[in-house]
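Novice: Okay, handing you the structure first.
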Amino acid sequence: MAKVSIIMGSKSDFPIMEQAVEILKKFQIEVEVDIVSAHRTPEKMFDFAKKAHERGISVIIAGAGGAAHLPGMVASISPLPVIGVPIKSSNSIDGWDSILSILQMPNGVPVATVALNAAQNAGILAAQIIGSSDYKIQRSILDFKKELKEKVLNDVKHL
């Protein structure tokens, strides 16, 4: 069974990152959650990034605010796809520092980047990556997209 690891730089990021946990659980994808700070626990970050694929992880979602080095540093070490979630933090410059830190990766170290605070989209993207080779997950994604469509069409009826 595919497994997604959701990591973040600090506990204060969890209210945002919880959105990814919730959507992945909806798709019945196993999730693990941890705090892995690129700046305060670099040894833990290196160990995590080196071994995640050996533990059955399929995709890593890394949320970070401020300088937001966590997604890129993990991507530089791990062979797994990394999805970065820029988080507007208390010391942030309207979130732009986080967005650009995650988005502007050098060639050879890709990080898929979602919008500011868009952890739900990171979870959906992780599910789509897994769904490319897992029919059951792909079916769940198709059902989810159908629900989105039906919600919009229903909203139109109530205007």
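Novice: Please work out which residue is surrounded by the fewest Cβ atoms within 10 Å (Cβ to Cβ), limiting yourself to the range 56-79 and to residues that are part of a helix (DSSP H, G or I) and β-branched (Val, Ile, Thr).
Specialist: Here the answer is Ile77.
Novice: Follow-up. Among what's in the range 1-55 and is basic (Lys, Arg) and within 24 Å of Ile130 (Cα to Cα), pick the residue that is surrounded by the fewest Cβ atoms within 10 Å (Cβ to Cβ).
Specialist: Arg55
Novice: Starting from the range 55-67, take each residue that is touching a residue at least 40 places away in the same chain (Cβ under 8 Å) and under 15 Å from Pro81 (Cα atoms) and list its partners that are buried (at least 24 other Cβ atoms within 10 Å of the Cβ) and among the polar types (S, T, N, Q), counting only C-beta distances under 8 angstrom and pairs at least six apart or across chains.
Specialist: Ile57/Ser5; Val59/Ser5; Ile60/Ser5; Ile61/Ser5
Novice: Within the range 137-159, how many residues turn out to be over 30 Å from Ser89 (Cβ atoms), free of Cβ contacts under 8 Å to residues at least 60 places away in the same chain and in a helix (DSSP H, G or I)?
Specialist: 16
Novice: Here is a further query. I'm trying to understand the selection: among the residues of the range 99-113, which are free of Cβ contacts under 8 Å to residues at least 40 places away in the same chain and under 20 Å from Phe48 (Cβ atoms)?
Specialist: Listed by number, the residues that qualify are Ser101, Ile102, Met105, Val109, Pro110, Ala112.
Novice: Turning to a different aspect of this structure: Return yes when Asn154 is polar (S, T, N, Q) and farther than 30 Å from Lys44 by Cα and no when it is not.
Specialist: Yes.
Novice: Sticking with this one: Scan the range 1-21 residue by residue and report those that are over 18 Å from Ser98 (Cα atoms), in contact (Cβ under 8 Å) with a residue 60 or more places away in the chain and either among the basic types (Lys, Arg) or touching a Ser or Thr at 6+ places or on another chain (Cβ under 8 Å) (or both).
Specialist: Selection gives Ala2, Val4.
Novice: State yes or no: is Ile124 under 22 Å from Glu22 (Cβ atoms), of a type in the set (A, V, I, L, M, F, W, C) and in contact with a Lys or Arg (Cβ under 9 Å, 6 or more places away or on another chain)?
Specialist: no
Novice: Return the pairs, sorted by first residue and then second, in which the second residue is assigned to a strand (DSSP E or B) and of a type in the set (A, V, I, L, M), the first residue lies in the range 79-93 and is within 14 Å of Ala67 (Cβ to Cβ) and modelled with pLDDT of 95 or more, the beta carbons are less than 6 Å apart, and the residues are 6+ apart or on different chains.
Specialist: From residues that are within 14 Å of Ala67 (Cβ to Cβ) and modelled with pLDDT of 95 or more, the pairs are Gly84/Ala62.
Novice: Only one of Ile124, Ile130, Ile99 is assigned to a helix (DSSP H, G or I), within 27 Å of Glu147 (Cβ to Cβ) and either at pLDDT below 95 or more than 10 Å from the chain's Cα centre (by Cα) (or both); which?
Specialist: Ile130
The values are calculated or read from the model by the stated rules, or taken from the named source; none is laboratory data. Source: prediction; values computed, not measured. Counting neighbours? That spans all protein chains shown, and the Cβs are built from the backbone with ideal geometry, glycine included.
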